[in-house]
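Presented below is the structure to which this report refers.
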Amino acid sequence: QVQLVESGGGLVQPGGSLRLSCAASGSIINSYSVNWFRQAPGEQRELVAPITSGGTKDYADSVKGRFNISRDNANNTVYLQMNRLKPKATAVYYCKSRTIVNTYWGQGTQVTLSS
C-alpha cells in the first residue's frame, strides 16, 4: 500500500510563492506518473500539473509559466513550486498517483491567498 502525504501549504499573499511536497511511502511511485490537483471551495477538482516517471511535465494553462513540477526519486517526493500566486489559487492541493492496480491520493494541503 502506497501512502502519499502532501505538505507545504499555508497562508500567502498574492504574488508570493510556496513549494508543495508530495512524499510517498515507497519507491514504487518513481515508476509512475504523479499529478497535482487542486479543489477550490464549491468547485470541481482540477488537474494542475502532471509529471511522468521519465520527468515529462505539463501544466494547466492557468499556471503555465508560474508553476514548476519536479520529482526527486531518491527521496520518493514530487514537488510543486508555485510562484506569482493569484487569489484564485486558494484551494486544497492534492497529489495523486496510479499504478496498474490502484489509485492513490494524499489527504491534501490547504493553500490560502490573502492580502
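The values are calculated or read from the model by the stated rules, or taken from the named source; none is laboratory data. Just so you know, these numbers come straight off a predicted model, no measurement behind them. Neighbour counts run over all protein chains shown; Cβ positions are idealised from the backbone, glycine included. These accessible areas exclude ligands, DNA and RNA; they are computed on the full protein's heavy atoms, side chains included. Shrake-Rupley method; radii C 1.70, N 1.55, O 1.52, S 1.80 Å.
Some points to look at:
- Test: residue in the range 39-50 that is over 18 Å from GLY106 (Cβ atoms) and either of a type in the set (A, V, I, L, M, F, W, C) or touching a helix residue (DSSP H, G or I) at 6+ places or on another chain (Cβ under 7 Å) (or both): no
- Test: ALA49 is closer than 27 Å to GLN1 by Cβ and either open to solvent by 30 Å² or more (accessible area, probe 1.4 Å) or without any contact (Cβ under 8 Å) to a residue 40 or more places away in the chain (or both): yes
- Whether a residue is within 20 Å of LEU4 (Cα to Cα) and at pLDDT 95 or above was assessed, and GLN110 passes this test.
- Any hit, the range 20-32, residues being at pLDDT 95 or above, within 24 Å of ASN76 (Cα to Cα) and open to solvent by 60 Å² or more (accessible area, probe 1.4 Å): no
- Candidate set from the range 69-94 (those that are surrounded by fewer than 20 Cβ atoms within 10 Å (Cβ to Cβ) and either among the acidic types (Asp, Glu) or touching a Phe, Trp or Tyr at 6+ places or on another chain (Cβ under 6 Å) (or both)); member that is nearest to GLU43 (Cα to Cα): SER70
- Inclusion of SER97 among residues that are open to solvent by less than 50 Å² (accessible area, probe 1.4 Å), in contact with a helix residue (DSSP H, G or I) (Cβ under 8 Å, 6 or more places away or on another chain) and of a type in the set (Gly, Ala, Ser) is warranted.
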